[in-house]
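Below is one structure, written out as structure tokens; comments come after it.
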Amino acid sequence: MNPESVIRNIAAIVPLDKNEIEWLTSVLETKSFKKKELVLQSGDICHYETYVIRGCLKIFYTDKTGTEHVVKFAIEEWLAFDLQSFVTQTPAFYSIQALEDTDTFRISVTNLNRLYERIPKFGKFSRVMFQNSYVLLQNRLMQNLFETAEDKYSNP
């Protein structure tokens, strides 16, 4: 798998030189998942941030009655992981499953921390990504609190 899209997305926020790109790609792991294969099972520890190259992942939880609640989809060029589990290395609340055959790049907690130390400007990329994610989360919360179901789906 070619890490071009990963590099392009990072470079749109922080430029990387040749040595930084080489080091970054050396710590990315490739992993393919078959349709319906679990990337992360609720209760397991999330050891990776997973970047979708091709395919689609769903992030969901299953309640006590067995009902599945989809929180989000990670399409191509999106990240999928259980943030709390990843950061704290505690059991995950969410499960992540491939909706179709999916190719990914992954980075471990250890390698991500090494990346922050080795390429400090990568912290800016992460900050921008988290800010964007938080804005989307706030919008979704406001939508769930104040819009009717009809309004939610008629104004995407």
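Within region 50-105, considering only strands (runs of 3 or more DSSP E) that don't extend past its boundaries, which have at least 2 residues that are free of Cβ contacts under 8 Å to residues at least 40 places away in the same chain and in contact with a strand residue (DSSP E or B) (Cβ under 6 Å, 6 or more places away or on another chain)? Break it down into steps so the answer makes sense when it comes.
On the way: elements: 57-62, 68-74, 95-98.
Correct list: 57-62, 68-74.
Spot the failing condition for A98; the list is (1) within 24 Å of S26 (Cβ to Cβ); (2) crowded, with 19+ Cβ neighbours inside 10 Å, and only one is missed.
Single failed check for A98: (1).
Of the residues F86, F93, F122, which is among the aromatic types (F, W, Y), under 14 Å from the mean Cα position of the chain (by Cα) and surrounded by 11 or more Cβ atoms within 10 Å (Cβ to Cβ)? I'd like the intermediate steps shown before the answer.
Working: F93 fails: under 14 Å from the mean Cα position of the chain (by Cα); F122 fails: under 14 Å from the mean Cα position of the chain (by Cα).
Of the residues listed, the single one that is among the aromatic types (F, W, Y), under 14 Å from the mean Cα position of the chain (by Cα) and surrounded by 11 or more Cβ atoms within 10 Å (Cβ to Cβ) is F86.
Looking at this structure, is F93 in contact with a Ser or Thr (Cβ under 7 Å, 6 or more places away or on another chain) and under 26 Å from Y61 (Cβ atoms)? Working first, answer last.
On the way: in contact with a Ser or Thr (Cβ under 7 Å, 6 or more places away or on another chain): yes; under 26 Å from Y61 (Cβ atoms): yes.
Taking the combined requirement at face value, the residue satisfies it.
Scan region 7-36 residue by residue and report those that are touching a strand residue (DSSP E or B) at 6+ places or on another chain (Cβ under 8 Å), surrounded by 12 or more Cβ atoms within 10 Å (Cβ to Cβ) and within 23 Å of E100 (Cβ to Cβ). Quick ask: steps written out before the conclusion?
As a first pass, look at region 7-36 and keep what is touching a strand residue (DSSP E or B) at 6+ places or on another chain (Cβ under 8 Å): 27-36.
Of the ones still in play, those that are also surrounded by 12 or more Cβ atoms within 10 Å (Cβ to Cβ) are 27-33, 35.
Within region 7-36, L28, E29, T30, K31, S32, F33, K35 qualify.
Would you be able to tell me the number of residues in region 114-156 that are without any contact (Cβ under 8 Å) to a residue 12 or more places away in the chain and outside any helix (DSSP H, G or I)?
5
Restricting attention to region 27-47, does a residue exist that is within 22 Å of S126 (Cα to Cα), outside any strand (DSSP E or B) and over 15 Å from the mean Cα position of the chain (by Cα)?
Yes, that holds for at least one residue.
Quick note: the coordinates plus some simple rules give every number you see, no bench work behind them. Here the structure is a predicted model, which is why all the values come from computation and not from measurement. Methodologically, a virtual Cβ is constructed for each residue, glycine included, from the backbone with ideal geometry; neighbour enumeration extends over all protein chains shown.
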